[in-house]
Amino acid sequence: MIDREAGGLYKALRLQNLRAIQYVLNCIDKNEEKDVAVAVEVYEDVYVRYEEGEIFEQDKDYDPDSSFTLNNEEVLKALCSFIDIWVYNKLSSN
């Protein structure tokens, strides 16, 4: 049987959008007159570009009763994504 449950997808998109909005509101709150760009599902779940640099953010919502290990598929995907971005940015220490 095909699982047609979309609740998890909506929950993930909502979390990503809330984090993106939080970045924008933090910039407004600091009264900084600097450019900031925020996007969802570009490179990572949330991508932020400031004049000073970039932020690549993976957002996960885990069941607190579940085990959290490096063997978890979502953790491995996040690590692979981190390495891809790091290599793309020429192994930057930032």
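A few remarks follow.
- Unmet requirement for Ile85, which otherwise passes all of (1) surrounded by 11 or more Cβ atoms within 10 Å (Cβ to Cβ); (2) under 27 Å from Glu33 (Cβ atoms): (2)
- Subset of segment 20-77 [open to solvent by 80 Å² or more (accessible area, probe 1.4 Å), closer than 27 Å to Tyr10 by Cβ and among the acidic types (Asp, Glu)]: Glu41, Asp61, Asp63, Asp65, Glu73
- The lone criterion from (1) surrounded by fewer than 13 Cβ atoms within 10 Å (Cβ to Cβ); (2) in contact (Cβ under 8 Å) with a residue 40 or more places away in the chain left unmet by Ala12 is number (1).
The values are calculated or read from the model by the stated rules, or taken from the named source; none is laboratory data. Just so it is clear, the model here is predicted, and its values are computed rather than measured. Positions of Cβ are backbone-derived with ideal geometry, glycine not excepted, and every protein chain shown enters the neighbour counts. Surface areas here come from the heavy atoms of the whole protein model, side chains and all, with no ligands, DNA or RNA. Shrake-Rupley method; radii C 1.70, N 1.55, O 1.52, S 1.80 Å.
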